[in-house]
Every structure is written in C-alpha cells, then in structure tokens.
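The values are calculated or read from the model by the stated rules, or taken from the named source; none is laboratory data. Predicted model only: the values in this text are computed from it and were never measured. Methodologically, a virtual Cβ is constructed for each residue, glycine included, from the backbone with ideal geometry; neighbour enumeration extends over all protein chains shown. Remember, those area values only see protein heavy atoms, side chains included, never the ligands or the DNA or RNA. Shrake-Rupley method; radii C 1.70, N 1.55, O 1.52, S 1.80 Å.
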Number of protein chains: 2
Amino acid sequence: MRLSEFYIPLPDTNLRAALQEKIDHKTKPPGALGQLETLALMLGLAQGSLSPSLMNPHIVVFAGDHGITNEGVSAYPQAVTAQMVLNFCAGGAAINVFARQSGITLRVVDAGVAHDFPADLAITHAKIGYGTGNFLRTNAMTETDCEEALKRGTAIVGEIAAQDCNIIGFGEMGIGNTTSAAALMHIITQKPLEYCVGAGTGLDGAQIRHKRLIIAEAIAKHNALAFSPLQTLTTFGGYEIAMICGAMLQAASQKMIILVDGFIATSALLVAYTLHPEILHYCIFSHESNENGHATMHRYLGVEPLLRLGMRLGEGTGAALAYPLVQAAVGFLNDMATFDSANVSEKISS
Amino acid sequence: MRLSEFYIPLPDTNLRAALQEKIDHKTKPPGALGQLETLALMLGLAQGSLSPSLMNPHIVVFAGDHGITNEGVSAYPQAVTAQMVLNFCAGGAAINVFARQSGITLRVVDAGVAHDFPADLAITHAKIGYGTGNFLRTNAMTETDCEEALKRGTAIVGEIAAQDCNIIGFGEMGIGNTTSAAALMHIITQKPLEYCVGAGTGLDGAQIRHKRLIIAEAIAKHNALAFSPLQTLTTFGGYEIAMICGAMLQAASQKMIILVDGFIATSALLVAYTLHPEILHYCIFSHESNENGHATMHRYLGVEPLLRLGMRLGEGTGAALAYPLVQAAVGFLNDMATFDSANVSEKISS
C-alpha cells in the first residue's frame, strides 16, 4: 500500500454557518466555551452533521522495536517493549487505567516487537519483523515492509470502523522510538535538530547530545534531507510508526475522528500530512507532551492541543485523557438549551 | 459566622516520601505523568492516604444578584441570573451537561437572587436578600448579612459532607459578579486594577474602561485599600461569593478536596486564603479562565491550573471538566502495576 493511495474527503463547509449559529444560540455568552466551541465546530464539519455523535471509541496501541537502540539512545533496555505489551494485556499500564475510566476500548498490536508472544495472547499479531534495522548502519525497513506496515495499519482501522466506531486514537510503545520520530520530524519540518531531539524516557543532557549526534550522523550517511515522505519513513521510521501512519490515513478516509497522541504519534501524522494535508480536518490534538519537539510539531501544523499536562509517556495516554473533553464538546452542542428554549435574555446590544 | 472561626488541619507530610515512592514505582518513567503525579501526591496528602479515593462528587452553584449592575457593568440584563437558575433546574445549562457527563451531583442555591422562586423549585432556598447593594453608593452587604452568608455556605457543605462526599466544586451565577470579584482581587492582591478587570460576559474595550472606572471610584469612596478580608467581602462582595467563601473554608476544615472554578470562585478563595493560607492543601485549580485577572490570581497564589481551554463561563464548568483528570490521578495511583508486579525492567543506571 502506498501513501498516495488514500483519498480523504473534504468536509462540507456549507454547514459551517449553521453550526456556528447553533453554538451561538446556546445559553452562554458567545465564545464563552472557548476551545470546546472550536472543537464542536470541527466535529460537526468532519461528520457533516449539526448533531455530531461519538460511537464506540477505540485506542489502538502499536508496539515495535528499534535497531537504533544498539547505539545507546534510550534510558530503558529494549526488553521493556515486550514487557509493556504484556503489561497492557494484564491491564496494568497507564493507558489501561485511563481507557477504562473513559469507556474506551483498547486494542494492542504487535507491529514488530523483538519477542515471540504466545499465539493466544489477546493482541493483534501483525508483526513485520523482530525490530527494525539500526538506521545508523542500514535502512530501518525495506520499502516492501514499510508498505506492508501501512497496509496492516489500514486494515486494522477498517475492521474497527466496521464495528461502528467513529472516533479513534493511536498510541505506541517502542523503546528507541523518540529517536525515529525526531529524525522524521527533522527531515519533514526542516527544523534544526536541536528542536527535534529530547529526553525520551529520561536521558540526561549528555545522553541527549549523544542521541542528537547519532541522528545527525545517520541523516548525513543516508543523505536524507531531500527524501520523500515514504523514503523518510522507510529509512528512519518504525513498524509501529508506519502502521500508525496508515491507520490515520485510513481513519480520515472513512471520516473517523482521530485523537492524535504524543510526539511519536504526531511524527506519524507528519508523514501522512505531507501528502494529505486535508487529514487535519479529522484530527484532534489531545495533549502537548513535555518531550522536546512536540510543541514545535504543533506549531508547524498550526494546531492547538487540548491539554498541556507535562506528560511524556505515549501509549495513547494523552488521547484517553482528552476524550472526556471531546464528549463535553458534543454534549454542549447537542444537549444545552438555547436562549429561546430556556427563556433567557440575550446580550444587551451596545 | 466569622472568617477566623474555621480550623483547617494541615496534611500529614510524613506520608510524602511513601506516596512519592508509590508514584515512582508505577510502570512509567519517573515524572512521565506530569501534573497528574503532582495531583496524586496532593490528593494522597490531603486525605492522609496512600490510596486516596473520590466519593460522591458534588458541584454547588450559588446564585446571587448585584446592585452594581445599575452602573451598566455587564453585557447582560440582571434578569438573566434568575432565568439561568431556572435553566439549571431544567437541566439545560453547560454545567448540567458537563456534570451529568462526569457523574457529578449538581446542587443549585439561591444565595440572593432578585426574584421569588417557587417554594417547590428544586433548589436550596438560602436567599439573604434581593441582590446586594450598589457598592458605588453603599456597602454591598451588612456585616450581619455577610456573616450569615458565610454561615449558610458552611451549613450546605456540612450537609453534603454528611452524604459521604469528599470532593466538591463551587460554581456561581450572578450578572455583575466579575465586577465584585475584580474589586476583591484588587484589594487583596494589590495588583493594578488593569490586571483585575476584564470583559466578563462580553464587554467591549470602552465598556471595560467604564467598569474599571466604576470600581476605582467605589474603592476610593470607601477608602478600601487597607480593608480587612471581611470588610472587603462585606463592602464589595456578593451573597454567592460570600457563601462560596464559607463553603470552601468548611470543605477544607472537613478535609474535603475543593475543585476551584473560575475568576469569581477564585476571588472567594482569595478572601479565605488571606486568613487561612493552609486551605491551598485541599484545592485543585481546575481551569484558567480567559477572563482577564484569572491568570494573575493563579500566579499570586503560586498554583498551576489543570486546564486552559479559553473558557469564561463560570457555573462550575471548569471544575466539572477537570474532574476526569482528578479521577485519572487517583486511578493511576491505585490501579497501575509496578515495575516489580508487571516484571518490567527499570531504567538503565547512567
């Protein structure tokens, strides 16, 4: 599956005036619900409805390992990726707690973890390989594998959409994947590498400098600054990042609302956005991470996140925590009284 | 009831180290849940427990009218206060939608609305008067009425606490009450009036200047800059603001968690804080409003709000929207696995 194959429909902007009028007639001063009003408008446009709804919310966590961890770019050993997949299955990770709280169905996908999971483990087995190649030495993936990852991400979303889900978030787990995401960000946004590389799971200053040097060396070696989005994803990406990219494109092509999570999930979106900027009509930016680079990604995309809680965990945790705010936006639009219906006086004209 | 009568117990800080250790052993990098970790620590300390819990959450909306509206300080007519009380009772306001979504019990109190509500209306009838006096001409309240308002706020919280509620938010409705709140803020924080006065429900630039001049004139007339907290509240406050002040003090004295809402609710807290700074151990700052002055209040108190959604509505809406984040903080602390229990490897020591 190629990145160019997706078709993302544009929202019907004819609905904009009617939606804005509906929002403005609710019993509150115009604009008094701030970002929730912007969100309600976006949801109405994306769904083509004056009464948008949220159905069967899902978060899919894609897990994959990264050859670049051989270069000492992470504060945790690679084994943690597989261990955390088992933790997800046992219900003990942060995303389990937050998804349960919000009534969000959680699905875990082995996109390419360097571990054999039992066949009967309650995950989606979509392993492309036992971790990517070390991109300082070779390409992270072959082009065939990258396209297969896009395709599997696409298929998983297609299945979930068939279960009447219309809002979906994507999380990830993969030791080393902030290194991949920083490389993708640097090549796509052309922002200085210092703006793109951060502490990940907890590197100190010297370790962050080492991580930055590794990425700089790899980019020079591959002569990658003029790479196409697919080349960039193939050379520096991860199986989980490629699957999220395909999953997001498929979600938007089916007019599903996408809850965009943290630094790594947003790096997958950057790849999708480069070819299909119209994907933004379906995206809600849930949380601006404490990871260096994430705020710059948001500014590059020209978007405003709902939450800034200083988290840096991934897993889809930002998406899960933002979901109640999305419910609140739909709730006020559908359920609040109007000035007329509640017999409340309107603003004094000045 | 006098402001000095309350006794607020200090949290047992001996629990701090054990709580921090519990937080740090969860399967996530140290600090990776950002503000939720700070919140979990605060909740554990306030409740004196390694496993804090949230029981029977309530939001109480206090409504009152303001004589200062005679000076043309609001974008809406005074009648809206009573109309909105009826809207709350019919379930049509924003706070109804958000409280329902989060399973929060909503209670509406007539603190002093200039309207006679039917005796069988599902509100708490605690009316002190038919709106306060116009503080440009006279005191907003008599000292007796102000103390009675503190007492009624106290009693309402006592009743709710007896229903096993341990977390409570306070909202308000009162056309003109940002003018009262701005005056309270100016006198208590001594910040320039420009920092304290905002658009309220939607004044334009010239109207905001008029509002500022009215407040400046009133403060000069009462020679109020050296007023005690009780004098300040009596002279410039509102029945709903005084009841919230008493309610907050009572909540903290019973070790309940207080969800602090917007500009007006925070002005009530400022009065309480001046005599009882230890109240902050029980306060969660839910949302930083778009109302000019609210951010300065937060900085004055040295606190960090959970949300910044650009809202400016009051009613307790910020408290209701922040509540799921409080649930998430309790949830991760109680329900996440530890590195040991989930067999996840710890950070590589550097």
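Using helices alone, I'd like the mean residue ellipticity at 222 nm for chain B: each DSSP H run of four-plus residues gives -39500 (n - 2.57), total over residue count, nearest 500. Please list the in-between numbers first.
Working: 13 runs with 160 residues, N = 350.
Calculated mean residue ellipticity at 222 nm is -14500 deg cm²/dmol.
Under 8 Å for C-alpha pairs, at least 6 residues apart: give me the relative contact order for chain B, rounded to a whole percent. Don't skip to the end; give the middle numbers.
Numbers: 692 pairs, mean separation 90.7, N = 350.
Relative contact order, chain B: 26 percent.
Over the Cα atoms of region B:58-327, what is the Rg over Rh ratio if Rh follows Kirkwood?
0.93
Among the trypsin sites (Lys or Arg not before Pro) within region B:88-161, which fall in a DSSP loop and have no more than 14 other Cβ atoms within 10 Å of their own Cβ? Don't jump to the answer; show the numbers that get you there.
Numbers: sites: B:ARG100, B:ARG107, B:LYS127, B:ARG137, B:LYS151, B:ARG152; in loops: B:LYS127, B:ARG137.
Sparse-neighbourhood loop trypsin sites (Lys or Arg not before Pro): B:ARG137.
Give me the base-10 log of I(q)/I(0) for region A:246-322 at each q in 0.11, 0.26 Å⁻¹, Debye formula, one uniform scatterer per Cα, rounded to two decimals.
Taking Cα atoms of region A:246-322 as identical point scatterers yields -0.23, -1.30.
Considering only the other residues whose Cβ falls under 14 Å of the Cβ of B:ALA119, what net charge follows from Lys and Arg at +1 and Asp and Glu at -1?
-2
What is the helix-to-structure angle for A:177-189, meaning the angle in degrees between its Cα long axis and the longest Cα principal axis of chain A, kept from 0 to 90 and rounded to the nearest 10?
It is inclined by approximately 70 degrees.
Among the listed pairs A:LYS22/A:LYS255; A:LYS191/A:LYS221; A:LYS26/B:LYS151; B:LYS127/B:LYS211; A:LYS151/A:LYS191, which are separated by more than 25 Å between their Cα atoms?
Exceeds cut-off: A:LYS26/B:LYS151; B:LYS127/B:LYS211; A:LYS151/A:LYS191.
What does the net charge come to around A:MET1 if you take all other residues with beta carbon closer than 14 Å to its beta carbon, with K and R at +1 and D and E at -1?
My count for the surroundings of A:MET1 gives -2.
Report which residues of region B:309-333 become buried by 30 Å² or more of accessible surface when going from the isolated chain to the complete set of protein chains (1.4 Å probe; DNA, RNA and ligands ignored).
When all protein chains are present, B:LEU309, B:MET311, B:ARG312, B:LEU313, B:LEU321, B:PRO324, B:LEU325, B:ALA328 each give up 30 Å² or more of accessible surface.
I want to verify a result. In a Gaussian network model of chain B, Cα cutoff 10 Å, which of these has the top mean-square fluctuation: B:ALA17, B:ALA126, B:ALA320?
B:ALA17
Only Cα pairs under 8 Å and at least 6 apart count here; give the relative contact order of region B:1-87 as a rounded whole percent.
Across region B:1-87, relative contact order equals 26 percent.
Considering every residue in A:87-96, what mean count of other chain Cβ atoms within 10 Å of its Cβ is obtained? Mind dumping the intermediate values first?
Working: counts 8, 2, 0, 4, 3, 9, 8, 12, 1, 5.
Mean inter-chain Cβ contacts per residue within 10 Å come to 5.
Compute the long axis of helix B:239-253 from its Cα atoms, compare it with the longest principal axis of the Cα atoms of chain B, and write down the angle in degrees, 0 to 90, nearest 10.
30
Determine the shielding of peptide B:74-83 by partner chains: average, over its residues, the number of Cβ atoms on other chains within 10 angstrom of each Cβ.
4
When chain B is treated as a GNM, springs tying every alpha-carbon pair under 10 Å, which of B:VAL197, B:VAL260, B:VAL80 comes out with the largest mean-square fluctuation?
Of B:VAL197, B:VAL260, B:VAL80, the most mobile in the Gaussian network model is B:VAL80.
In region A:1-48, which residues give up 30 Å² or more of accessible area once the other protein chains are added, compared with their chain alone (1.4 Å probe)?
A:THR27, A:PRO29, A:ALA32, A:LEU33, A:GLN35, A:LEU36
As a test of understanding, state the convex hull volume per residue of region A:181-235 from its alpha carbons, in Å³. Before the final figure, lay out each step's value.
On the way: hull volume 3.8 nm³, N = 55.
With only Cα atoms used, region A:181-235 gives 69 Å³ per residue.
Can you list the residues in region A:97-131 whose accessible area drops by at least 40 Å² when all protein chains are present, compared with the chain alone? Use a 1.4 Å probe, heavy atoms only.
A:VAL97, A:PHE98, A:GLN101
List the distances, in nm and shortest first, from the label point of B:ASP340 to the matching label points in every other copy, placing each point 7 Å from Cα along the Cα-to-Cβ direction.
So the label point of B:ASP340 gives 6.5 nm to the other copies.
Using a Gaussian network model of chain A with C-alpha springs under 10 Å, which one of A:ALA63, A:ALA265, A:ALA90 is most mobile by mean-square fluctuation?
For chain A, modelled as a Gaussian network with Cα springs under 10 Å, the answer is A:ALA90.
Over both sides of the B-A contact, add up the buried accessible area with a 1.4 Å probe and give it to the nearest 100 Å².
Answer for the B-A pair: about 4400 Å² buried.
If the label for A:LEU50 sits 7 angstrom from Cα along the Cα-to-Cβ line, what are its distances to the same label in every other copy, in nm to one decimal, shortest first?
5.7
Once both axes come from the Cα atoms, what is the angle between helix A:205-222 and the longest principal axis of chain A, in degrees from 0 to 90, rounded to 10?
Helix A:205-222 and the main axis of chain A meet at about 80 degrees.
Quick one: accessible area per residue over the protein assembly as shown, 1.4 Å probe, rounded to a whole number of Å²?
Ligands and nucleic acids excluded, the result is 34 Å² per residue.
³J(HN,Hα) across region A:139-145 via Karplus (A = 6.51, B = -1.76, C = 1.60, θ = phi - 60°), whole Hz, x for Gly/Pro?
6, 4, 9, 7, 4, 4, 5
What number comes out for the charge environment of B:GLN47, summing +1 per Lys or Arg and -1 per Asp or Glu over other residues with Cβ under 11 Å away?
Value of the local net charge: 0.
Expressed as a whole percentage, what fraction of the accessible surface of chain A belongs to carbon and sulfur atoms when a 1.4 Å probe is rolled over the protein heavy atoms?
50
Based only on Cα atoms, what Rg/Rh ratio does the protein assembly as shown have, Rh being taken as Kirkwood's radius?
Taking Rg over the Kirkwood Rh, I get 1.01.
Starting from one equal scatterer on each C-alpha and no solvent at all, send me the Debye-based log10 I(q)/I(0) for region A:202-350 at q = 0.11, 0.12, 0.15 Å⁻¹, two decimals.
-0.54, -0.62, -0.87
Considering only DSSP beta bridges whose two residues both sit in chain A, what percent are antiparallel, to the nearest 5? List each step's numbers first, then the result.
Values: 1 of 24 bridges.
Roughly 5 percent of the beta bridges in chain A run antiparallel, per DSSP.
Only loop residues by DSSP count here, and only those with at most 13 other Cβ atoms within 10 Å; note down the trypsin sites (Lys or Arg not before Pro) in region B:1-53 that meet that.
Passing sites in region B:1-53 are B:ARG2.
With a cut-off of 13 Å, note down the residues of region A:67-81 whose backbone N falls inside the zone around a label point 7 Å from the Cα of A:GLU217 toward its beta carbon.
Residues A:68-73 qualify, since their backbone N sits under 13 Å from the label point.
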